[in-house]
Amino acid sequence: EVESSRASVAEAARAADAIWGEVLAQQSARIATLARENAALRAKADLASRLARAGGAGGRGGCSSAAAHRLNVLELSCYAAAQRELIASLSEGTSAPPASSAPNGSLM
């Protein structure tokens, strides 16, 4: 009877390990995806910043283009903030992502 109990405990432990292994694998894959998206957003923000500086240096950077640039930077920073929150949430082991602060409620 004791041996049977040990076997069932060991089986339950293996099942729990398998479940947690799957959860961690999924979180790892999602974090990797978010890291790639974050790198793309940073590259896009860097390009937009360099283009804005180049446009401003030539005297062509008008008021409307500066306002559009600010909106683009704001949107990109919202995306990056939403991704940081989600990565932090996944890293802490919570399964529910935080409410998105990205425009239109999307991460990408």
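Data for the structure
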{"item": "Subset of segment 1-29 [of a type in the set (Ser, Thr, Tyr) and within 21 Å of Leu86 (Cβ to Cβ)]", "result": "Ser28"}
{"item": "Test: Ser28 is at pLDDT below 90 and of a type in the set (S, T, N, Q)", "result": "no"}
{"item": "Extreme residue, farthest from Ser65 (Cα to Cα), among residues of segment 1-49 that are open to solvent by 60 Å² or more (accessible area, probe 1.4 Å) and in contact (Cβ under 8 Å) with a residue 12 or more places away in the chain", "result": "Arg30"}
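The values are calculated or read from the model by the stated rules, or taken from the named source; none is laboratory data. Being a predicted model, the structure only gives us computed values, none of them experimental. Note that each Cβ is placed from the backbone with ideal geometry, even for glycine, and that neighbours are counted across all protein chains shown. Remember, those area values only see protein heavy atoms, side chains included, never the ligands or the DNA or RNA. Shrake-Rupley method; radii C 1.70, N 1.55, O 1.52, S 1.80 Å.
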